[in-house]
Amino acid sequence: MSYSIKSALTGLTLCAALLPLTTQAAIITLKGTLSAANQNGSNPALVTDSNGVVPTKAKGVITIQLNDEANTLDIQLGVGGIVLSDLRDFGPNASPIHLHNAAPGSPGNFGPISIDPTFTADPSDFTAKPLGPGFTFKRDSVSLLAKDQGNVTAPDMHPGNDKIVDALLSENMFVAVHTNKPIFTSPATGTRPEGFPFIEIRGNLKPVSAVPVPAALPLLGSGLIALFAAARRRT
């Protein structure tokens, strides 16, 4: 690639970063780090739970590419300290990994499932780590649309419109991994309270970059498109 084309592409990327993310079609990358949840599924850094923090050293990292034009997610999740047999089917679709909204007006608190990336997933989307306990989950083109979310009924969130995209970009949406380990107990009773979410690790999602998709390039202005075309002609 010539210097002129690189310069034009750099300019386009910078303009995409300067524009509000929801004003143009874009591939938006989000990332998150997963660690021990409160026993009630909330964020220990923001919320205190009388049942305490889940006693686990499991960790995880998630990267998501959001296509806000196609209303889809490409997801790459890596987890250490949890094996595939530890995963617990839970929630409206009986599936183990969910993207939750925070409780309304309460960042960090456990809220409703908004997106179920493991609903109708294929077993081949999960891979056990060859060394040590852990697994990866990779799946492309997960639809945000309500019709593709099974029994997920997050109020006023679907179908995959600006509300669901805005929720993803808010930094209040989080990924939760449900497991069946015998580690979830109430210190007061020694048992698992009714409706226990069995979330071992969780982590909030944060947008880190955005790149315009081809259909969005005209929205960046005819001058930039002319610059890009001229750069191509000079090579």
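Among the residues of region 118-145, those that are buried (at least 18 other Cβ atoms within 10 Å of the Cβ) and either in contact with a helix residue (DSSP H, G or I) (Cβ under 7 Å, 6 or more places away or on another chain) or outside the structural domain of LYS163 (by TED's automatic domain parsing) (or both) comprise PHE126, PHE135, PHE137, ARG139, LEU144. The single condition among (1) exposed (fewer than 14 other Cβ atoms within 10 Å of the Cβ); (2) under 18 Å from the mean Cα position of the chain (by Cα) that GLY195 does not meet is (2). With respect to the conditions (1) without any contact (Cβ under 8 Å) to a residue 40 or more places away in the chain; (2) not in a loop (DSSP other than H, G, I, E, B), ASP166 falls short on a single one, namely (1).
Pairs meeting the criteria (first residue in region 83-94 and in the same structural domain as THR120 (by TED's automatic domain parsing), second residue among the hydrophobic types (A, V, I, L, M, F, W, C), beta carbons under 6 Å, at least 6 apart or on different chains) are LEU84/PHE126; LEU84/ALA128; LEU84/PHE135; ARG88/PHE198; PHE90/PHE198; GLY91/ILE113; PRO92/VAL152; ASN93/PHE119. Residues in region 97-117: is at least one of a type in the set (Asp, Glu) and surrounded by fewer than 18 Cβ atoms within 10 Å (Cβ to Cβ)? No: region 97-117 contains no residue that is of a type in the set (Asp, Glu) and surrounded by fewer than 18 Cβ atoms within 10 Å (Cβ to Cβ).
The values are calculated or read from the model by the stated rules, or taken from the named source; none is laboratory data. On a predicted model such as this, the values are computed, not experimentally measured, just so you know. Here the Cβ is made from the backbone with ideal geometry for all residues, glycine too, and neighbour counts use every protein chain on show.
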